[in-house]
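The values are calculated or read from the model by the stated rules, or taken from the named source; none is laboratory data. Computed from a predicted structure; not experimentally measured. Because the Cβ atoms are built from the backbone with ideal geometry, glycine has one as well, and the counts that use them run over all protein chains shown. Remember, those area values only see protein heavy atoms, side chains included, never the ligands or the DNA or RNA. Shrake-Rupley method; radii C 1.70, N 1.55, O 1.52, S 1.80 Å.
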Amino acid sequence: MHELSFQSEDKNQRYQELLLQIRTLIEDESDLIANLANTAAALKEAFGWFWVGFYLVKGEELVLGPFQGPLACTRIPYNRGVCGQSWAGKQILVVPDVNAHPGHIACSSRSQSEIVLPLINASGNVAAVLDIDSENLAEFDQTDARYLQKLVEIIARQHFQSRTKTL
Ligand code: SME
């Protein structure tokens, strides 16, 4: 059993503490869903965001995976919503105001800003996305993008890029 602990209020340091703990948490576990679930819980506990979760690429859609927060849309088509756009563009999207973002899918009217990061597999394709929503406008910046990128790389390396793939 693990319990998270954070010493710092500083965002950079909190991310560093979190990354160390997530690395330890997931390296001993080979199951993808278990690791995505604990990662979503750890992010929620560390930062208290409104919604934190994963969508998995299944055929032509993203399908809801492990998450923390209110009920969410279960299926998102390719190139639709911020998640589908991150998948199509294979890129991190930081959206400071979701209501001003073309194509945004509102799973909750309380969500005001959002960041989405793709998890890339060994063939260079998107296997999943990490989606985080906040009730504050412009919650996410380049610091979040940088650290969350490291986090999704840890997960992608273990589950989507290794030769002994553990799905
Ligand atoms: N807002 C996302 C949909 C997922 S929910 O916010 C959990 C989007 O536009 O892709």
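Annotations
- Global form of the range 11-159, assessed from the alpha-carbon gyration tensor, a/c cut-off 1.5: oblate
- Packing here is the average count of other Cβ atoms within 10 Å per residue, and on that basis the peptides 48-54, 113-119, highest first, run 113-119, 48-54.
- Relative contact order (percent, whole number), the range 11-159, Cα cutoff 8 Å, 6+ residue spacing: 21 percent
- Rounded to the nearest 20, the size of the Cβ-charge dipole of the chain about its Cα centre is 560 debye, with Lys and Arg at +1 and Asp and Glu at -1.
- Accessible surface, per residue, of the range 32-167 when the full set of protein chains is kept, probe 1.4 Å, Å²: 45 Å²
- Taking the centroid of alpha carbons for each part, the range 98-167 and the range 1-46 are 15 Å apart.
- Kyte-Doolittle mean at least -1.0, axial Cα span of 15 Å or more - DSSP H helices of the chain: 11-27, 32-47, 142-156
- Estimated 222 nm signal from helices in the chain, with DSSP H stretches of n ≥ 4 weighted -39500 (n - 2.57), rounded to 500: -11000 deg cm²/dmol
- Surface composition of the chain: carbon plus sulfur atoms contribute 46% of the solvent-accessible area (1.4 Å probe, protein chains only, all chains present).
- Compared with the direct C-alpha span, the chain from Val63 to Ser108 gains 14.5 nm at full extension, assuming 0.36 nm per residue.
- Here the peptides 7-14, 59-66 are ranked by packing, the mean other Cβ count within 10 Å, and the order with the highest first is 59-66, 7-14.
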